[in-house]
Amino acid sequence: MANKVNKKIDAGKQKASPAAAPAAVNDNRRWFALGILSMSLMLIVIDSTVVNIAFPAIRATFNAPFSDAEWVNSIYSLIFGAALITWGKLGDQYGRRTIFIIGAALFALSSLGVGLAPTIGVMIGFRALQGLAGAMMSPSTLSIISSTFKGRERGIAFGVWGATAGVSAALGPLLGGWLIEYGTNIMQESWRLAFIINVPLAAIAIVGSLWAIRESNDNRQRHQIDWLGILFATVGLGAIVSGTIEGQTHGWLYAKKVFMLGSIHYPNLPADAVIPAGTLSFVPFTFAIGLIFLALFVWWEINFEKRGGEPLFELGLFKYLSFRFGLITIFIIALGEFGVFLAISIYLQLAKGLGAFETGIQFLGFAIVTMFAAPMAGVLSGRFGAKWIVTIGMLCEAASLFWISRTLYIDKPVSSLIPPFMLYGLGVGLAIAQLSNLVLSDIPGNKAGQASGATNTIRQLGASLGIAIIGAVLFTGFATAATPLVQNSTAFADFGARVEANTSLSPASKMIGTAMAGFGDQAKKGIIDGLAANEGFDPNQADPLQTALDSIPSIAKVALKSQGIDLDDPATVAKIRLELGPDVKILQADLQNALATGFSTAARSAALLASIFVLFGALSSLMLPNSKSHATVEVSAAH
């Protein structure tokens, strides 16, 4: 009935004023607009996940230190999380479509810059711009959907949006893996294609939005920009996100390694220096700065609003129960949802030995189920209420994560993950979009941008913190479980015994093989030290044969050459590698098994922790008010 009333009101507007006609035309294109917004969201999500797969290739291209390469990923999350509320509010003030188009243009420009970057420093700079552009686009996708779709259509639209977010999270590793392994036919440094491909897609989004998306804003008053609020929010959120990203690597309380950003070093030591015990990490100071600026932000926003100003974020929005408890729920489940992808991706590559593309394929079942479940959730929410769909979805997620935590054993086939992945996809499809729908359901249309910006900010903060916490459990558990397995490994001794027993080996191969067996304790110590430093180790990427050759002094090489064994001769080395190759592979496999066993133990703990986080999120969702998708008569100058 309400839908009919809406249509009559719209018809009346059209008759009363010719100016209403363009809006009506754009209304007829709202589903095209949804497709454009969903594609844009896909760009943002994929760009935040594809780097995880492309990370080794990027580092190799620039021969960059690990700390610099880390910032390629970190800077995007840092800028993205810190700027969301700001651009959500500015979209409300000056036009959501306008901010979205500017963001899409900047995203295309910065993507091209990343893809063509000649140095790691230039790439980090363009990644920062990408994060800023993503922060301009992301709240606009939610707020435009929220202001465009009403009634039963609203649940369906948010379902499509949620399906896109879930599928994109799975497509990021898949696309990244495919480009790295097969994109060399197009470009030698194939990882660059993952960013350059954004340029034509962003261009499509810009042209399509001009045609299909109508402008919406709060034009009932003259606006002013809350510059001080923007400063406090950006510094505060930026510091918190930065601390959660860097805490695991550089130490939560005491410094674990030298932090480097260009010429800045903390502590002021060389990159490979041993840090004195008791040296405080910069991370606690980062958190302290963040909390101080967030406190200043709250104080300023309250007082600025009292004086009649227009604050960046109206704290009065928390009077809406759906918004207040929705943000709590989003934060809690984000702790578990995002970190577990990191754990499973690394488990599949390290413990199961899958390649980048093979790893991405494993998430296809999750993506397919999510794609179908999310729109279905929109229909179901109209019948039973979004709250119960969200709660059921998160219970499915929690159950699937617990199932996964009981499945991550190295002796179980990868196919055993398919059923829990599909259940996880069902849970994400039911929960993610309808939770966003529910959070924004009571927010006035003219506040949708800042509310959706806050929603995404809380999700980003939860994701960053969840990755840090689950990452700490993952890598600390990995080191704890793998260290004794490596220490007690007989891989090098067994290798030496096989070399001694092999009478068909040439004198040169037997000598090199004996040398390799001899530095076994030293090699194991190097692996264990790497585990303690949270650097990990992949024996399949190591070359113990080359290590043995490098360990032979020059004077010894001269003596061997006089006996007809020239270790500087590539043909001789190739023959040695051919003869020792099968035994070297066995040596590497033995070490890989020890590390894989340790990592599977750690991955199970990480998945269990993620399931607990999501379970608490499901419980917190019970505090949400239930609201079925319903049609309402809304007459607003903003739309």
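Sort out which residues of segment 59-78 are at pLDDT 80 or above and over 18 Å from MET260 (Cα atoms), and write them in order of number.
Hit for segment 59-78 is THR61, nothing else.
Name every residue in segment 383-440 that is of a type in the set (Phe, Trp, Tyr) and either free of Cβ contacts under 8 Å to residues at least 12 places away in the same chain or farther than 30 Å from SER146 by Cβ (or both), in order of residue number.
If the condition is that a residue be of a type in the set (Phe, Trp, Tyr) and either free of Cβ contacts under 8 Å to residues at least 12 places away in the same chain or farther than 30 Å from SER146 by Cβ (or both), then PHE402, TRP403, TYR409, PHE421 are the ones that fit.
Output the residue which, of all residues in segment 338-388 that are among the β-branched types (Val, Ile, Thr) and within 22 Å of the chain's Cα centre (by Cα), is farthest from ALA157 (Cα to Cα).
Residue satisfying both the conditions and the ranking: ILE346.
Restricting the search to segment 408-421, which residues are buried (at least 19 other Cβ atoms within 10 Å of the Cβ) and either assigned to a helix (DSSP H, G or I) or not aliphatic (A, V, I, L, M) (or both)?
LEU417, PRO420, PHE421
Among the helices (runs of 4 or more DSSP H) confined wholly to segment 470-558, which include 1 or more residues that are buried (at least 19 other Cβ atoms within 10 Å of the Cβ) and at pLDDT 80 or above? First the steps, then the outcome.
Numbers: elements: 491-501, 507-518, 520-532, 544-551.
Result: 491-501, 507-518.
Whether any residue in segment 373-387 is farther than 28 Å from MET42 by Cβ, charged (D, E, K, R), surrounded by fewer than 18 Cβ atoms within 10 Å (Cβ to Cβ) and assigned by TED's automatic domain parsing to the domain that holds LEU440 is what I want to check.
We begin by selecting, within segment 373-387, every residue farther than 28 Å from MET42 by Cβ; these are 383-385.
When the remaining residues are screened for being charged (D, E, K, R), the result is 383.
Those still in the list that are surrounded by fewer than 18 Cβ atoms within 10 Å (Cβ to Cβ) too: 383.
Narrowing further to those that are assigned by TED's automatic domain parsing to the domain that holds LEU440: 383.
Looking for residues that are farther than 28 Å from MET42 by Cβ, charged (D, E, K, R), surrounded by fewer than 18 Cβ atoms within 10 Å (Cβ to Cβ) and assigned by TED's automatic domain parsing to the domain that holds LEU440, one finds at least one in segment 373-387, hence yes.
Given the conditions (1) at pLDDT 85 or above; (2) not assigned by TED's automatic domain parsing to the domain that holds ALA606, which single one is not true for GLY316?
So GLY316 meets the others, but not (1).
Just the residues that are in contact with a Gly (Cβ under 9 Å, 6 or more places away or on another chain) and part of a helix (DSSP H, G or I), please, taken from segment 608-625.
LEU609, ALA610, SER611, ILE612, PHE613, VAL614, LEU615, PHE616, GLY617, ALA618, SER621 - these are the residues of segment 608-625 that are in contact with a Gly (Cβ under 9 Å, 6 or more places away or on another chain) and part of a helix (DSSP H, G or I).
The values are calculated or read from the model by the stated rules, or taken from the named source; none is laboratory data. Owing to the predicted nature of the structure, the values given are computational and were not obtained by experimental measurement. Here the Cβ is made from the backbone with ideal geometry for all residues, glycine too, and neighbour counts use every protein chain on show.
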